[in-house]
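Report on the following structure.
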Amino acid sequence: MNSNVPANSGCILKKSSPLTSVLWLVAERIVSLVLSLVVTLAVARHLMPDAFGQLSYLLALASLAAPFMALGLNSLVSREVLARSNDQRLILGTSIAMRGIAGVVIALAATALAFLYLPVGERYLFAFLILCSTFNAALVVEYWLQAYVANRYASQVRLLTLAAFSAARIVAIYEDASLSVFVFLAGLEIVCAALLYTWVYNRLGGGVAKLQSSWAEAKRLLKDSRWLILSGIAAIIYLKVDQVMLGLMAGDREVGVYAAAARISEVWYFAPAAIVASFFPRLIDRRSIDSEAYFMDLQRLNDFLLYSAIGVAVTVSYCAAWLLPLLFGEAYEGAVPVLVVHIWAGLFVFMRALLSKWFIAENLLKLSMASQVLGALVNVLLNLKLIPLYGAVGAAYATVISFAVAGYVVLFFHPRLWPMALVVTRSVLMPLRLMRKGRGLYKV
């Protein structure tokens, strides 16, 4: 496998070390965490629970279309560029074309449905959001950067976009802007990020004009991605359906309360994504060289992810009673019991980041899809049962249980998943392993 791109590609991008990549991603995510949290708090306080809930509802609805637009090509692009570096222009060009066409088709269909079913005041706001989402086709460049562990460039794009639109949101709050202004800013942020990714590829990848596409490559990519499409659809359902169902069954205020708690829970989710994305190329290399060392790397990484998540969950649960009212204001005091439950979903989110990459490395895309579908089904059924009884708290319980099913329980259902079931179980039993093996915990 080539460590750099072919000399004739016109690309000047070179691989970085996993440590450099992790440091960039972690630094970016810490800055993003602080900045986005501060701005979210300001927006939530400005809009109050009802309007903040309406904003969260519209964003959740728009996010349901994302996997249909992405076509399962996200991490698959990284894998294909690593495996076929001489064809990278064809892979990237075809992927962008596929995502662009899918985005336009889905956006038009979603807009038509919105005009049939959404209230008049929300139709045009949703239509604007979903049309802006078509620009996410340019995110293919991010996965090309991941393949060469050059995440610093993606970090710079995200930071620049976040800083600019955070400032715009603060100005909007100062000007006492209405809900529609914050929806417009969310859509324009997507467009801005896409333009910056295009600029990065023009600078480092030889230019967008040199990208190629073909039906043969599209068929090849779709053959591998079709299960990831279904998996992505299921994943976004069990990640976002809670807010959509709350909006339909309990109203905007419950969505606003739930969204405030979820914002504190989900702000930590950057860590596993950053770490796993940076170590994924190393895991792919190690798998082909030394299977024993490969599984030891998986174990070490999963242990770290699980106990980092436990540390976060314990700390946030202990601080929730005073933290949420302090950050969001007394109007959001009802979000405290939601947060105490919802934060524990992070245990399975942290480990799922590694599990999702493992599915790709092992080419278990059908089983990845099945796990996500099961999680989505459990989440929808539990929401139907628990939201009428417990409102936002019920939705939080549904989220935690469905994440546990999709990220752990499902691993016992098929023999090919048992190796990862063992890894996760060993992580759960890490205190016993430490007592037994001590410093030799990770010796091959």
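Each value in this text was obtained by applying a stated rule to the coordinates, not by laboratory testing. Just so it is clear, the structure is predicted and the values come from calculations on it, not from any experiment. Using ideal geometry, Cβ is built from the backbone for each residue, glycine included, and neighbour counts are taken over all protein chains shown.
Under 1.5 on a/c is rounded, so check that first for the chain, then, if it is not, pick prolate when a/b is larger than b/c and oblate when it is not; a ≥ b ≥ c are the square roots of the alpha carbon gyration tensor eigenvalues. Could the numbers behind the result be given before it?
Working: a/c = 1.56, a/b = 1.14, b/c = 1.37.
Since a/c reaches 1.5 but b/c is at least a/b, the shape of the chain is classed as oblate.
Need one number: the % of Cα-Cα pairs in region 28-74 sitting beyond the 16 Å mark. Intermediate values should be presented prior to the final figure.
Details: 623 of 1081 pairs.
When every Cα pair of region 28-74 is considered, 58 percent fall beyond 16 Å.
Based on the mean of other beta carbon atoms within 10 Å per residue, what is the order of 420-429, 189-198, most packed first?
Details: 420-429: 17.5, 189-198: 19.2.
Per-residue Cβ counts within 10 Å, averaged per peptide and sorted highest first, yield 189-198, 420-429.
Of ARG99, ARG416, ARG352, which is the most mobile in a GNM of the chain whose springs link Cα atoms less than 10 angstrom apart?
Judging by the Gaussian network model, the answer is ARG416.
In whole Hz, what ³J(HN,Hα) sequence does region 325-331 give by Karplus (6.51, -1.76, 1.60; θ = phi - 60°), x for Gly and Pro?
Running phi through 6.51 cos²θ - 1.76 cosθ + 1.60 with θ = phi - 60° gives x, 5, 7, 9, x, 4, 4 Hz.
Could you give the length gained by full extension between LEU326 and TYR307, i.e. 0.36 nm per residue of separation minus their alpha carbon distance, to one decimal place? Mind showing how you got there, number by number?
On the way: separation 19, 0.36 × 19 = 6.84 nm, distance 2.71 nm.
Additional length available on full extension: 4.1 nm.
For Cα pairs less than 8 Å apart in space and 6+ apart in sequence, what is the mean separation divided by the residue count of the chain, i.e. the relative contact order in percent?
Across the chain, relative contact order equals 22 percent.
Can you check what the net charge comes to around VAL141, using other residues whose Cβ is under 13 Å from the Cβ of VAL141 (Lys, Arg +1; Asp, Glu -1)? Spell out each step's value before the answer.
Values: positive: ARG89, ARG99, ARG158, ARG203; negative: GLU142.
Residues near VAL141 contribute +3 overall.
Once phi is turned into θ = phi - 60°, what whole-Hz ³J(HN,Hα) does the Karplus curve with 6.51, -1.76 and 1.60 give for every residue of region 258-268, x standing for Gly and Pro?
5, 5, 5, 5, 5, 4, 5, 5, 7, 5, 8
Magnitude of the Cβ-charge dipole of region 354-444, K/R +1 and D/E -1, about the Cα centre, nearest 20 debye? Before the final figure, lay out each step's value.
On the way: 10 positive and 1 negative charges, 112 e Å.
Dipole of region 354-444, to the nearest 20 debye: 540 debye.
For n ≥ 4 DSSP H runs only, could you compute -39500 (n - 2.57) per run for the chain, divide by its residues and tell me the 222 nm figure to the nearest 500?
After summing the helix terms and dividing by residue count, I get -27500 deg cm²/dmol.
Could you tell me which residue out of LEU179, TYR269, LEU381 lies farthest along the dipole of the chain toward its positive end? Charges go on the beta carbon: Lys and Arg +1, Asp and Glu -1, centred on the Cα centre.
Sorting the options by dipole projection puts first TYR269.
Quick one: which of LYS366/LYS437; LYS240/LYS366; LYS210/LYS240 span more than 30 angstrom between C-alpha atoms?
As for pairs spanning more than 30 Å Cα to Cα, those are LYS366/LYS437; LYS210/LYS240.
Using Cα positions and a limit of under 14 Å, work out the aspartates and glutamates in reach of LYS385, with same-chain residues fewer than 8 apart set aside.
Output for LYS385: ASP242.
For the pair PHE413 and LEU389, what calculated FRET efficiency results from E = 1/(1 + (r/R0)^6), where r is the Cβ-Cβ distance and R0 = 22 Å, to the nearest 0.05? Walk me through the numbers before you get to the answer.
Working: r = 29 Å, r/R0 = 1.31.
It comes out at approximately 0.15.
Find the Rg to Rh ratio for region 313-438, where Rh is the Kirkwood radius over alpha-carbon pairs and Rg uses the same atoms. Present the calculation step by step, with values, prior to reporting the outcome.
Working: Rg = 17.1 Å, Rh = 16.2 Å.
Taking Rh as the inverse mean 1/r over Cα pairs, Rg/Rh reads 1.06.
Karplus couplings for region 238-251 from phi (6.51 cos²θ - 1.76 cosθ + 1.60, θ = phi - 60°), rounded to Hz, Gly and Pro as x?
7, 8, 10, 5, 4, 5, 5, 5, 4, x, 6, 9, 10, x
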